[in-house]
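Here's the structure we're looking at; comments come further down.
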Amino acid sequence: MTSQNNVLKGVFLVALGATTYGMLATFVKMAYSEGYTTAEVTTSQFIYGILGILMINLFQRIKNKNTAVKASPKNIFNLMLAGTSLGMTSLFYYLAVKYIPVSIGIVLLMQTVWMGVLLEMILEKKLPSKQKVIAVLIVLFGTVLATNIINNDIELDWRGLVWGMLAAASFTTTMFTANSVSTEISSAQRSLYMLLGGAVIVFSFAFATQVTAFNLEIFLKWGIVLSLFGTIIPPLLMTAGFPLTGIGLGSIVSALELPVSVMMAYVLLNEKVIFSQWVGIVLIILAIIIMNVNFKSKK
């Protein structure tokens, strides 16, 4: 019974993390509508995010009376290097939703499903299973429906599509590195150094692109919200929930991010989402389930 309770707890934590992250792009779009730039949005999010995770690390250190495994210089370097993909994901995703609707941006981000299979195939040098190939084909078909590209009425800005695919590629890298780099140290420490690595990318982008004076009001208006929903709450809930659910079930539950993101855009941004797009979204979620369920019968 305790094991079942732990799984339920894990499902709840992952679901809450995915839901929180699903709301993020809508808030970014709302910040854009008030005239803030991508540089201002990402910089404020990462600064508050780093401060938040620093406080969590400090709290854990006091609670554990300094007994936790400390990160070595090699750990710090590897995590910061891995974290650069985290910074790129935020940048590319936010640039994407600048040019295309949030409901399309999140669908493009979900291309990590087939990109992950491709990366796994390259790294392990073996062909994917039939189950994964079927899931990838369903994702691709679902994407055609969900992005509504077969409808000539909607013209999607190519810049948004390119940034969206780049976001998916860097997110795929982040997922692989987050599960394999320096796993012997606490998740709070890992989050901190990955965020610092991401911050190097974000701050470099801000320095290179911000031509007007930096609007410091972003820190009072959107910075805290964006850091909570993007860099603090989802990673903490996910890293706490995934060990309880396992990767398979956790991946299925985290797919909640997709409908939540579309619903938020529909309700708060009045984005038009037609029936065929909802069918596409359901197909992508179905593909994630197919990819993570073990269909082999137990002997």
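The values are calculated or read from the model by the stated rules, or taken from the named source; none is laboratory data. Since the model is a prediction, treat every value here as computed from it, not as a measurement. FYI the Cβ positions are ideal-geometry reconstructions off the backbone, even for glycines, and counts take in every protein chain you see. Only protein heavy atoms, including side chains, enter the accessible area calculation; ligands, DNA and RNA are left aside. Shrake-Rupley method; radii C 1.70, N 1.55, O 1.52, S 1.80 Å.
Does any residue of the range 205-216 turn out to be part of a helix (DSSP H, G or I), open to solvent by less than 40 Å² (accessible area, probe 1.4 Å) and among the hydroxyl-bearing types (Ser, Thr, Tyr)? Checking the range 205-216: not a single residue is part of a helix (DSSP H, G or I), open to solvent by less than 40 Å² (accessible area, probe 1.4 Å) and among the hydroxyl-bearing types (Ser, Thr, Tyr).
Against the condition out of contact with any helix residue (DSSP H, G or I) (no Cβ under 8 Å at 6 or more places or on another chain) and either at negative phi or open to solvent by less than 60 Å² (accessible area, probe 1.4 Å) (or both), how does Met55 come out, does it pass? For Met55, the condition - out of contact with any helix residue (DSSP H, G or I) (no Cβ under 8 Å at 6 or more places or on another chain) and either at negative phi or open to solvent by less than 60 Å² (accessible area, probe 1.4 Å) (or both) - is met. Regarding Thr19, is this residue closer than 21 Å to Phe229 by Cα, in contact (Cβ under 8 Å) with a residue 40 or more places away in the chain, in contact with a Leu (Cβ under 9 Å, 6 or more places away or on another chain) and open to solvent by less than 10 Å² (accessible area, probe 1.4 Å)? When the stated conditions are applied, Thr19 does not pass them. Hey, can you tell me all the residues within the range 260-276 that are under 14 Å from Leu145 (Cβ atoms) and either buried (at least 22 other Cβ atoms within 10 Å of the Cβ) or within 21 Å of the chain's Cα centre (by Cα) (or both)? Matches in the range 260-276: Val262 only. Just to be sure before I move on: is Ile289 under 19 Å from the mean Cα position of the chain (by Cα), over 30 Å from Ala188 (Cβ atoms) and either surrounded by 17 or more Cβ atoms within 10 Å (Cβ to Cβ) or free of Cβ contacts under 8 Å to residues at least 60 places away in the same chain (or both) in the structure I sent? Answer is yes for this residue.
The residue that is nearest to Leu109 (Cα to Cα), among those in the range 217-231 that are open to solvent by 20 Å² or more (accessible area, probe 1.4 Å) and either hydroxyl-bearing (Ser, Thr, Tyr) or part of a helix (DSSP H, G or I) (or both), is Phe229.
Per the listing Leu256, Leu236, the residue uniquely open to solvent by 30 Å² or more (accessible area, probe 1.4 Å) and farther than 24 Å from Val144 by Cβ is Leu236.
On the stretch given as the range 108-155, residues that are open to solvent by less than 80 Å² (accessible area, probe 1.4 Å) and part of a loop (DSSP other than H, G, I, E, B) total 8.
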